[in-house]
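Here the structure is laid out as structure tokens; the discussion comes afterwards.
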Amino acid sequence: MENWDEIRTAYQVARLGTVSGAAEVLGVHHATVIRHIDALEKRLGAKLFQRHARGYTPTEAGRDLLVVAQTTEEQFAHLSSRIKGQGETVSGELVVTSIAGVADLLTPVMVSFQAKWPDVRVRFLTDMRVFRLDYGEAHVAIRAGTGEEEPDNVVQPLARIKSGLFAAQSYVDRFGKPASEAEFPGHRFVCSDNEATRAPFYRWLRATVKPDQIAYAATEPAALEEAVRQGAGIGFISAFRAAAEPGLVEILPPRPEWEAPLRIVTHVDLHRTRKVQAFLGHLKDAAKEWPFCG
């Protein structure tokens, strides 16, 4: 496409809103950006931007161009990721994404993988959003639950994280220790703030205790566990973490219905590459040794 450079320039101007920002991202002089915009507008016979003191705002035609250019840019990034992953060497960038709360399990695995394959550069990404494997955003994703996946994704079981109900010794000293669920009335609990949470143990807790018994709620798993440690109430903590913390008192031991399944997700285009296969084998071997995981 003979005017692709001009389209890429317009896309960056629309995305960033300024000529200087687009120039910096593209690594060109700002005069080149202006020349590309002028040439593209002349070629299309339409104004793509409204110029003002604060920068450039896309017109309706500019917004249409932005949609097309963004899709093309994303597809090119996907293609680039596929090509980079098709080599037969275990080297280069390896992007791993996961749910929040399992970094202490996964980080040693990635570090030991690098020790075995020193030419690999690891990027470990966690976020509330689900990374798009079909757009090449990651090589490997570690996800929880059994939700539906894109048809081109390969899904494999990894482990089942066991969790139990725990309280800090300071909470037990203050409020006592319930011997069973029958003694839950009068006690305080720590729970996810998301009432639609897919975590099986939090669904059980919300169905078991009264809403006014949830004294502390949060969205971040680390914040919930820390609240339990600080004595805010009784709450769920992964069994492998609780085993290393003598200050916690077990209220109810892990139950099978509370287990959270972890699964490995890869895209079919990258799944059979040597680098991804090497990491998957290393990860599965490491998971066999994880304590308190099914």
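The values are calculated or read from the model by the stated rules, or taken from the named source; none is laboratory data. Bear in mind that the values here come from a model prediction, so they are computed numbers and not experimental data. Glycine also receives a Cβ, built like all others from the backbone with ideal geometry; neighbour counts cover every protein chain displayed. With ligands, DNA and RNA removed, areas are computed over all heavy atoms of the protein, side chains included. Shrake-Rupley method; radii C 1.70, N 1.55, O 1.52, S 1.80 Å.
Across the range 12-49, what is the total count of residues that are assigned to a loop (DSSP other than H, G, I, E, B) and not hydroxyl-bearing (S, T, Y)? Quick ask: steps written out before the conclusion?
Taking the range 12-49 as the starting set, the residues that turn out to be assigned to a loop (DSSP other than H, G, I, E, B) are 17-18, 27-29, 45-48.
Adding the requirement that they be not hydroxyl-bearing (S, T, Y) leaves 17, 27-29, 45-48.
The total comes to 8.
Could you go through the range 188-204 and let me know if any residue there is farther than 30 Å from L94 by Cβ, assigned by the TED database to the domain that holds G233, surrounded by fewer than 19 Cβ atoms within 10 Å (Cβ to Cβ) and over 22 Å from the mean Cα position of the chain (by Cα). Yes, the range 188-204 contains at least one residue that is farther than 30 Å from L94 by Cβ, assigned by the TED database to the domain that holds G233, surrounded by fewer than 19 Cβ atoms within 10 Å (Cβ to Cβ) and over 22 Å from the mean Cα position of the chain (by Cα).
Within the range 159-177, is even one residue basic (K, R), in contact with a strand residue (DSSP E or B) (Cβ under 8 Å, 6 or more places away or on another chain) and at pLDDT 95 or above? I'd like the intermediate steps shown before the answer.
First, pick out the residues of the range 159-177 that are basic (K, R): 160, 162, 174, 177.
Restricting the remaining residues to those that are in contact with a strand residue (DSSP E or B) (Cβ under 8 Å, 6 or more places away or on another chain) gives 160, 162, 177.
Retained after the next criterion (residues that are at pLDDT 95 or above): 177.
The answer is yes; a qualifying residue exists.
The set of residues from the range 248-291 being surrounded by fewer than 17 Cβ atoms within 10 Å (Cβ to Cβ), more than 22 Å from the chain's Cα centre (by Cα) and either among the charged types (D, E, K, R) or at pLDDT below 90 (or both) comprises E250, R255, E257, R272, R274, D285, K288, E289, P291. All conditions in (1) under 23 Å from C293 (Cα atoms); (2) touching a helix residue (DSSP H, G or I) at 6+ places or on another chain (Cβ under 7 Å); (3) touching a residue at least 12 places away in the same chain (Cβ under 8 Å); (4) surrounded by 13 or more Cβ atoms within 10 Å (Cβ to Cβ) hold for A218, with the sole exception of (1).
Which ones in the range 47-60 are open to solvent by 40 Å² or more (accessible area, probe 1.4 Å) and modelled with pLDDT of 85 or more? Don't jump to the end; show me each part of the working.
Let us first name the residues in the range 47-60 that are open to solvent by 40 Å² or more (accessible area, probe 1.4 Å), namely 47, 50-54, 56-57, 60.
Matches in the range 47-60: K47, Q50, R51, Y56, T57, E60.
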